Amino acid sequence: MAGKRRKFDAEFRAGAVRIVTETGKPIVQVANDLGINETTLASWVSRAPQGGRGRDGR
């Protein structure tokens with residue numbers, strides 16, 4: 001049986017994305033550290049602005 005769906009505010013999502021992008025840690029590790037689903041975090045990272053860079057980091 002599925003559990004109750006958790007909601008995360010924009011500040012939490014942005015912080016989680018920042019950890020991945022600034023530290024270079026794998027999404028799986030950051031998701032485990034934060035206690036969230038890795039697919040959820042991967043989705044947030046993929047939708048985050050790239051700071052003016054292309055997808056290849058240039």
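The values are calculated or read from the model by the stated rules, or taken from the named source; none is laboratory data. In this text the structure is predicted, and so the values were computed from the model without any measurement. Here Cβ is always computed from backbone atoms with ideal geometry, including for glycine, and neighbour counts include all displayed protein chains. Accessible surface areas use protein heavy atoms only, side chains included; no ligands, DNA or RNA. Shrake-Rupley method; radii C 1.70, N 1.55, O 1.52, S 1.80 Å.
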ask   = Restricting the first residue to the stretch 40-51 and requiring it to be open to solvent by less than 40 Å² (accessible area, probe 1.4 Å), which pairs with a second residue that is in a helix (DSSP H, G or I) and among the charged types (D, E, K, R) meet a Cβ separation below 7 Å and a spacing of at least six or different chains?
value = Trp44/Arg13
note = Checked pairs for the stretch 3-21, first within 14 Å of Ala48 (Cβ to Cβ), second of a type outside the set (A, V, I, L, M), C-beta under 6 Å and 6 or more apart or across chains, list as Arg13/Trp44; Val17/Trp44
